[in-house]
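Take a look at the structure below.
The values are calculated or read from the model by the stated rules, or taken from the named source; none is laboratory data. From a predicted model like this one, the values you see are computed outputs, not experimental measurements. Glycine gets a Cβ as well: all are built from the backbone with ideal geometry, and neighbour counts include every protein chain shown. These accessible areas exclude ligands, DNA and RNA; they are computed on the full protein's heavy atoms, side chains included. Shrake-Rupley method; radii C 1.70, N 1.55, O 1.52, S 1.80 Å.
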Protein chains: 4
Amino acid sequence: MIRVVENTIKPYYLAIITAKQATFDFMNYSKAFLEAAQQLVDAGRFIDNKGWVPATSGNFSARLPDGTIAITVSGKHKGQLVIDDIMLIDADANSLDGKKPSAETVLHTSLYKRFPAIYSVLHPHSPSATLISRLYASEVVLEEYELLKALSGIDTHESRVVIPVFANDQNIPRLAEQVEQYLDKHEICHAYIIAGHGLYTWGSSVQETLRHLEALDFLFECELRLHGVKK
Amino acid sequence: MIRVVENTIKPYYLAIITAKQATFDFMNYSKAFLEAAQQLVDAGRFIDNKGWVPATSGNFSARLPDGTIAITVSGKHKGQLVIDDIMLIDADANSLDGKKPSAETVLHTSLYKRFPAIYSVLHPHSPSATLISRLYASEVVLEEYELLKALSGIDTHESRVVIPVFANDQNIPRLAEQVEQYLDKHEICHAYIIAGHGLYTWGSSVQETLRHLEALDFLFECELRLHGVKK
Amino acid sequence: MIRVVENTIKPYYLAIITAKQATFDFMNYSKAFLEAAQQLVDAGRFIDNKGWVPATSGNFSARLPDGTIAITVSGKHKGQLVIDDIMLIDADANSLDGKKPSAETVLHTSLYKRFPAIYSVLHPHSPSATLISRLYASEVVLEEYELLKALSGIDTHESRVVIPVFANDQNIPRLAEQVEQYLDKHEICHAYIIAGHGLYTWGSSVQETLRHLEALDFLFECELRLHGVKK
Amino acid sequence: MIRVVENTIKPYYLAIITAKQATFDFMNYSKAFLEAAQQLVDAGRFIDNKGWVPATSGNFSARLPDGTIAITVSGKHKGQLVIDDIMLIDADANSLDGKKPSAETVLHTSLYKRFPAIYSVLHPHSPSATLISRLYASEVVLEEYELLKALSGIDTHESRVVIPVFANDQNIPRLAEQVEQYLDKHEICHAYIIAGHGLYTWGSSVQETLRHLEALDFLFECELRLHGVKK
C-alpha cells in the first residue's frame with residue numbers, strides 16, 4: 001500500500017525508466033559506449049526541457065574513439081531515454097548490436113565521414129527550425145549577433161553565417177545526396193535545416209554540439225520574432 | 001517547530017496530496033484500475049507542466065481490459081491529481097464507485113464505443129486549440145510537417161491531416177451527436193477541437209495519446225505563429 | 001569543505017530561506033495564521049513559476065476566521081517568501097504584529113469589507129494584465145470561452161464577463177475610491193486591472209483565487225494573441 | 001553496475017559539476033570571495049532558467065569589501081557554473097589567481113570605478129535585450145509601468161527611464177569608452193544595452209541587480225509585444 005502512495009509522487013516515466021534500466025545488460029558494451037550513451041540520454045533531457053523534441057521526434061549520436069557510433073534507436077521519446085535506447089553502429093550505419101536504427105541514421109554517418117573532427121551530431125525538431133524553413137526556402141542568413149561567436153571558428157559578430165534549407169524527403173539516401181552536394185561546394189557549414197522538419201548540427205563533442213544548438217535556436221527565434229513569421 | 005520549517009520547503013499541493021492519498025482505500029479497486037489511474041495522474045502532471053490544463057479544466061480517461069473506464073472526476077486541478085480523483089465508470093458512463101463523473105464523460109464513452117482499438121482519451125484546454133478555433137471555424141488542415149508522422153498510421157510528411165472544429169455547446173449529448181455525425185462520414189480522424197474550449201485526442205494507450213497530444217499542440221502552435229492568429 | 005560543495009548544488013535562495021526561517025518565532029501566531037501564511041508562501045511559488053511576480057512585485061492575502069488578515073509584507077520577492085514575510089493586520093489595515101504592510105494593503109481590506117464571502121485576495125503583476133490594459137483602456141470583455149466556467153458562479157461559455165481597468169495611481173486611497181465607486185454600481189465582479197500594473201482577483205479560499213487567477217491569465221493571453229497587442 | 005543506473009537519473013551536468021568541485025582548492029580564497037562566488041553561481045542558475053544566457057554567453061561579477069572583484073571566467077555555460085569557474089581580479093581587471101578573465105571584464109571594472117555604491121554587475125544575453133536593440137537604435141524609453149519602481153531610486157510609475165543602446169564592438173576598450181562618454185553626461189542610469197548582444201545592469205548587491213534584471217526583461221518584453229518587433 002505504501003508503495004502505491006509513493007508512486008503517486010514519483011513521476012510515471014521515471015518509474016518506467018528505472019524498471020527498463022534494471023533489465024539492460026551493460027556487459028556487452030565498452031566503457032566508451034556507456035559514457036557516450038549517458039551523454040546522449042542527458043542531452044535528450046536538456047533538449048526536451050526546451051521543447052525541441054515533441055512526441056518521439058529527433059535523433060542524436062556520438063562517435064566513439066574507435067570510429068563506431070552510439071546513436072538513438074527509432075521511435076523513443078528523446079526526453080525519456082535510457083541507455084538501452086542507445087545502439088551501436090559502424091561508420092556505414094550497420095547495426096552492431098542487433099537493434100534497429102532510425103531511418104535518418106545515414107544523415108549522421110555521412111557527416112562523420114566528411115568531417116573527421118566532429119564527434120557528435122544532434123537533430124531536434126524545434127519550432128524555430130520548423131517555422132524558419134517556411135520563411136526562408138533555401139537559406140537562413142544570420143548577421144550582427146554577438147551570439148554567432150558561440151559557433152565554432154566564429155570570433156566576431158561581424159560574420160555572415162549561412163544555414164542551408166533542404167526540402168524534406170522521405171527518401172533519406174536522396175536527401176543525404178542533396179546535403180552532400182551542398183557541402184561539396186561549401187567548406188564551412190555549422191548546421192542545416194530540413195524544411196518543415198528540423199535542424200541538424202554537429203561539433204567536436206556532445207557539449208559543443210549542444211552549444212551550437214542552443215545558439216542557433218536563440219538566433220532563429222530572434223529572426224522569427226523580427227520578421228513576424230509571415231509566409 | 002521543525003515540522004513547520006520543513007513545510008515551508010515542501011510544496012503546498014504536495015502536502016495536500018500526501019494527506020489525501022493516505023485516506024484513500026485502494027482495496028476497492030483492481031490492479032488494472034490502479035495502474036491506469038496512476039498513468040492518468042502522471043499524464044496530468046505532464047500536461048499541466050505544458051500549461052494545457054489551466055484552473056480545473058480538462059479531463060482524461062483510460063479503458064481497462066474488461067471494458068470499464070477509469071476517468072477523472074469533476075472539478076479537480078489536473079496537475080494535482082491523486083488516485084482518489086480517478087473514478088470507475090461502465091461503457092455507458094454510469095458510475096461504478098459512487099463518484100460523480102464530469103459532464104463531458106459521454107464524449108469519452110462514445111469514442112470508446114466507435115473505436116475498439118483505442119484505450120485512452122485525453123482532453124486538455126490548451127491555448128493552441130482554443131486560439132486555432134478562432135482562426136478556423138470548421139477544420140484545421142495540417143500539411144508538410146514531418147511531425148505528422150507522430151500520428152498513428154501516418155508515414156510521410158506529404159499527408160493531409162484534417163482536424164474538425166465543432167461549435168461549443170453546454171448540452172453535451174447534442175455535442176456528442178455532432179461528433180458522431182462527423183465520424184460517421186470520416187473514417188480516419190485523430191482528434192477534434194471544440195471551439196473556444198479544447199482538444200479531444202485518443203490512442204491505443206495513454207502513452208500513444210500523449211504522443212498525439214504533444215504533436216498536435218506543436219503543429220497548432222506552428223500554424224498560429226505562421227498565420228498570426230487573426231480573427 | 002564538504003559544506004561548500006553541498007551549497008553549490010543547493011539553490012542560493014533556499015539557503016537564505018532556511019536560515020531566515022530558523023530564527024522566526026512561530027509561538028506568537030495562531031495555528032490559523034500559520035496555515036494561511038503557508039498557503040500564501042506556496043501560492044507565491046506557484047505564481048512566480050508562471051512568471052507573474054517579477055522582481056518584488058505583487059502582494060497576497062488571506063482572511064482568517066476571526067476577521068484578521070494574513071498579508072505579505074512590503075518589498076519581498078513573492079517566489080521566495082518565508083512565513084516570516086507574512087504579517088497580521090486587522091480589518092482596517094492596522095499592523096497587529098509591528099511589521100510594515102505594503103502601501104496597497106487598503107485595496108485588500110476594502111474588498112474583504114465589501115464581500116463577506118471572500119477569504120483571499122491575490123495581486124500579481126503578470127505580463128498579460130499589464131499588456132491588456134494598453135489594449136483596452138476601460139474594460140476587458142471575455143466571451144465564448146469554456147474556461148469562463150472556472151470563475152465562481154459562471155456555468156456556461158455563453159456568458160459575458162467584464163473585467164474593469166482603472167488608471168494607475170500612487171495615491172492608494174484615491175485608487176481604492178475609484179474601485180469602490182465601480183463596485184457600488186456592478187454587483188458581480190471577479191477581478192479588476194490597474195493599468196500598466198497588474199490584476200486583483202479574489203475568492204472563497206486561496207485555492208479558488210488561484211483558479212480565478214490561472215483562468216484569467218489564460219483568457220487575457222488568448223485575447224492578446226488574437227488582437228495582436230497593437231496599441 | 002548500480003552506479004550507471006543511478007547516473008541515468010542524475011543529470012549529466014550535475015555529475016560534471018560534482019566531479020569538478022571536488023578538485024577545487026577552496027583554501028586559496030577568502031570567505032568573502034567564496035560567498036560572492038556562490039551568489040554568482042546561483043545567479044547563473046536563476047538567469048539560465050529564464051533563458052537569458054544561451055550557450056556560453058554572459059558574464060557576472062560581485063565586488064568584495066576590500067575592492068577586489070569576483071568574476072566569471074571566460075567560456076563557461078552560466079547555468080552550469082561551479083565556484084572554480086569564478087576568478088579574482090583587482091580593480092584594474094588584472095588576474096589575482098592566474099585564471100583568464102573574459103574579454104569584457106573591463107566593462108565591469110569601469111562601472112565599479114564610476115559608481116562607488118554598486119557591488120554587482122550582471123550581463124546576460126536575453127532575447128528581449130537583443131531584439132529591442134533592433135527596434136530602437138539609440139535608446140529604449142520606459143514609461144507608465146508600475147514595475148519601474150523595482151529600479152533603485154524610482155518611486156512612481158510616472159517616471160521616464162531611459163536605457164541607452166550602444167553599437168556592438170569587438171574592441172572592448174573602445175566600447176568601454178563609448179559607455180564612459182555617455183555616463184559622463186547622464187548621472188542617473190540603471191543599465192545599458194549593447195546592440196545585438198545583451199544587457200549590462202548593476203546594483204548595491206547581487207540580489208538588487210537580479211531585481212533590476214528581472215524588471216528590465218519584463219518591461220522590454222512588454223515593449224516588444226506592444227510594438228511588434230518590426231525592424
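Miscellaneous remarks
- Meets criteria (part of a helix (DSSP H, G or I), touching a Cys at 6+ places or on another chain (Cβ under 8 Å) and either without any contact (Cβ under 8 Å) to a residue 24 or more places away in the chain or within 23 Å of A:Ile132 (Cβ to Cβ) (or both)) for B:Leu131: yes
- Extreme residue, farthest from the chain's Cα centre (by Cα), among residues of segment B:150-161 that are within 8 Å of chain A (Cβ to nearest Cβ) and surrounded by fewer than 18 Cβ atoms within 10 Å (Cβ to Cβ): B:Glu158
- Candidate set: segment D:187-214, residues that are in a loop (DSSP other than H, G, I, E, B) and in contact (Cβ under 8 Å) with a residue 40 or more places away in the chain; chosen: the one farthest from the other protein chains (Cβ to nearest Cβ): D:Ser204
- Residue in segment C:4-24 that is open to solvent by less than 20 Å² (accessible area, probe 1.4 Å), at pLDDT 95 or above and part of a helix (DSSP H, G or I) present: no
- Take the conditions (1) over 14 Å from A:Phe218 (Cα atoms); (2) open to solvent by 40 Å² or more (accessible area, probe 1.4 Å); A:Val121 misses just one of them, which is (2).
- Failed condition for D:Ala137, given (1) of a type in the set (Gly, Ala, Ser); (2) out of contact with any Pro (no Cβ under 8 Å at 6 or more places or on another chain); (3) touching a residue at least 60 places away in the same chain (Cβ under 8 Å): (3)
- Looking across segment D:67-104, the residues that are in contact with a strand residue (DSSP E or B) (Cβ under 9 Å, 6 or more places away or on another chain) and in contact (Cβ under 8 Å) with a residue 60 or more places away in the chain come down to D:Asp84, D:Asp97, D:Glu104.
- Any hit, segment D:95-105, residues being within 14 Å of chain C (Cβ to nearest Cβ) and either among the small types (Gly, Ala, Ser) or over 30 Å from A:Glu223 (Cα atoms) (or both): no
- Flag if D:Leu142 is more than 9 Å from chain C (Cβ to nearest Cβ) and more than 19 Å from the chain's Cα centre (by Cα): yes
- Residues satisfying the stated conditions in segment D:80-102, i.e. open to solvent by less than 10 Å² (accessible area, probe 1.4 Å) and in contact with a Pro (Cβ under 9 Å, 6 or more places away or on another chain): D:Met87, D:Ile89
- Residue match in segment A:41-55 (condition: in contact with a helix residue (DSSP H, G or I) (Cβ under 6 Å, 6 or more places away or on another chain), over 25 Å from B:Ser152 (Cβ atoms) and of a type in the set (Asp, Glu)): yes
- Qualifying position, being facing another protein chain (nearest Cβ under 8 Å), under 19 Å from the mean Cα position of the chain (by Cα) and either under 13 Å from B:Glu221 (Cα atoms) or of a type in the set (A, V, I, L, M, F, W, C) (or both), among B:Leu131, B:Leu147: B:Leu131
- Any hit, segment A:170-190, residues being among the aromatic types (Phe, Trp, Tyr), within 18 Å of the chain's Cα centre (by Cα) and modelled with pLDDT of 95 or more: no
- D:Gln178 being within 12 Å of another protein chain (Cβ to nearest Cβ) and either open to solvent by 40 Å² or more (accessible area, probe 1.4 Å) or closer than 20 Å to D:Gly58 by Cα (or both): no
- Among the residues listed as D:Pro164, D:Pro173, the single one being in contact with a helix residue (DSSP H, G or I) (Cβ under 9 Å, 6 or more places away or on another chain), farther than 24 Å from C:His125 by Cα and assigned to a strand (DSSP E or B): D:Pro164
- Of the residues contained in segment B:202-209, one or more are found to be open to solvent by 10 Å² or more (accessible area, probe 1.4 Å), charged (D, E, K, R) and in contact with a strand residue (DSSP E or B) (Cβ under 8 Å, 6 or more places away or on another chain).
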